[in-house]
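Asker: Just passing along the structure, written as structure tokens.
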Amino acid sequence: MNNKIYPCLWFDQNAKDAAEFYCSVFDESMITSENPIVVLFELEGVKFMGLNGGPIFKINPSISFFVTCDSEHEINRYWNALSIDGNVMMPLNKYPWSEKYGWCSDKFGVNWQLMIGKVGDAGQKIIPNLMFTKENNGKAEEAINFYTNVFPASSVYALNKYEKGESDTEGNIKHSQFKLYDQWFTAMDSSAPHDFKFNEAISLVIPCDDQKEIDFYWEKLTSNGGKESQCGWLVDPFGVSWQVVPSMLGRLMAEKGQTVIDAFMKMKKFDIATLENA
């Protein structure tokens, strides 16, 4: 697959090391391009960006990545690689929802949920998961409805809620599945006293082909409580960070170099005409 929306992982000047590590863990993976600022790579056909952002933001479990494994051998192999020098949130074991499941963060802080199952018709082995905590706890369903109304080729496939007497607030989302731009995402609520919530350390990138598309997503995602930031970054009403960027930005940077960087460093929302004339 060639995901239209892809995650950006914020690293402290070690994005290349992280990309090489992930490509050594997952099959069918490779680094596709790199420069001193970003590294683009694919894991099982899913595109990622690694950003050399510095020490400002730290990755936390609010956004994790589900990995569906075909066999016990595969899940053990991934677990042994990803959990070493990381942290284990839920040990690899049998749970009501899977014969084998585990949640860990790796040595770079990225969170992975591994489980045995079938990739099925989705064809997407790695799926981002959004966990709504703190002031956003209980808003997962609202967010899903918001996102599926913003993005084309979107639909909701499952909204499983906690019932009375279960381990979280009745009516909260226990597990969900939805598509944005024909890509799978999952989301959940958590009433637990977590010390984390969404931040800029993991953002979702939307490459746009023209100014009209940039304007559309910028307006939609900053409305109703969203916030503008710098260089194409914004925070939506639920605290999730997005980057709305021109799809030709890489080409412009290669052609014009520092002049383009200087131009977009002064911007909030990207202006393609200004970049092209820089």
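The values are calculated or read from the model by the stated rules, or taken from the named source; none is laboratory data. Please read all numbers here as calculations on a predicted model, not as lab measurements. Backbone-built Cβ (ideal geometry, glycine too); neighbour counts: all protein chains shown. What goes into the accessible areas is simple: the full protein's heavy atoms, side chains included, and nothing from ligands, DNA or RNA. Shrake-Rupley method; radii C 1.70, N 1.55, O 1.52, S 1.80 Å.
Asker: Within the range 123-172, how many residues turn out to be among the hydroxyl-bearing types (Ser, Thr, Tyr), more than 17 Å from the chain's Cα centre (by Cα) and closer than 24 Å to GLY225 by Cα?
Answerer: Within the range 123-172, residues that are among the hydroxyl-bearing types (Ser, Thr, Tyr), more than 17 Å from the chain's Cα centre (by Cα) and closer than 24 Å to GLY225 by Cα number 1.
Asker: Report, by residue number, each residue of the range 226-247 that is assigned to a loop (DSSP other than H, G, I, E, B) and closer than 20 Å to ALA187 by Cα.
Answerer: GLY226, ASP236, PRO237, PHE238, GLY239, VAL240
Asker: Out of the range 171-186, which residues are without any contact (Cβ under 8 Å) to a residue 24 or more places away in the chain and either β-branched (Val, Ile, Thr) or within 16 Å of THR148 (Cα to Cα) (or both)?
Answerer: Correct list: GLN177 only.
Asker: So, ALA153, is that one hydrophobic (A, V, I, L, M, F, W, C), open to solvent by 30 Å² or more (accessible area, probe 1.4 Å) and farther than 19 Å from GLU44 by Cα or not?
Answerer: In short, yes.
Asker: Quick test for you: out of ASP215, ASP210, ASP189, pick the one residue that is buried (at least 22 other Cβ atoms within 10 Å of the Cβ) and in contact (Cβ under 8 Å) with a residue 40 or more places away in the chain.
Answerer: It is ASP189.
Asker: Among the residues that make up the range 28-38, is at least one of them modelled with pLDDT of 95 or more and within 13 Å of the chain's Cα centre (by Cα)?
Answerer: No, the range 28-38 contains no residue that is modelled with pLDDT of 95 or more and within 13 Å of the chain's Cα centre (by Cα).
Asker: Are any residues in the range 106-125 buried (at least 20 other Cβ atoms within 10 Å of the Cβ) and part of a strand (DSSP E or B), and if so, which ones?
Answerer: The answer is ASN111, TRP112, GLN113, LEU114.
Conditions (1) within 23 Å of PHE26 (Cβ to Cβ); (2) touching a Leu at 6+ places or on another chain (Cβ under 6 Å); (3) modelled with pLDDT under 95, marked per residue:
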| site | (1), (2), (3) |
| --- | --- |
| ILE59 | yes, no, no |
| ILE75 | yes, yes, no |
| GLN113 | yes, no, no |
| ILE116 | yes, no, yes |
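Asker: Could you list, in sequence order, all residues of the range 43-58 that are in a loop (DSSP other than H, G, I, E, B), open to solvent by 30 Å² or more (accessible area, probe 1.4 Å) and in contact with a strand residue (DSSP E or B) (Cβ under 7 Å, 6 or more places away or on another chain)?
Answerer: Residues satisfying the conditions are GLU44, PHE57.
Asker: What number goes with the only condition from (1) part of a strand (DSSP E or B); (2) free of Cβ contacts under 8 Å to residues at least 12 places away in the same chain; (3) not small (Gly, Ala, Ser) that ASN149 does not pass?
Answerer: With (1) part of a strand (DSSP E or B); (2) free of Cβ contacts under 8 Å to residues at least 12 places away in the same chain; (3) not small (Gly, Ala, Ser) applied to ASN149, the lone miss is (1).
Asker: Of the conditions (1) among the small types (Gly, Ala, Ser); (2) in a loop (DSSP other than H, G, I, E, B); (3) closer than 20 Å to TRP112 by Cβ, SER176 clears all except one; give me its number.
Answerer: All conditions pass for SER176, except number (2).
Asker: Among the listed residues LEU82, LEU40, LEU92, identify the single one that is under 28 Å from ALA153 (Cα atoms) and either part of a strand (DSSP E or B) or touching a residue at least 40 places away in the same chain (Cβ under 8 Å) (or both).
Answerer: Sole residue among the options that is under 28 Å from ALA153 (Cα atoms) and either part of a strand (DSSP E or B) or touching a residue at least 40 places away in the same chain (Cβ under 8 Å) (or both): LEU40.
Asker: Out of LEU204, LEU275, LEU221, report the one residue that is touching a residue at least 60 places away in the same chain (Cβ under 8 Å), among the hydrophobic types (A, V, I, L, M, F, W, C) and in a helix (DSSP H, G or I).
Answerer: LEU221
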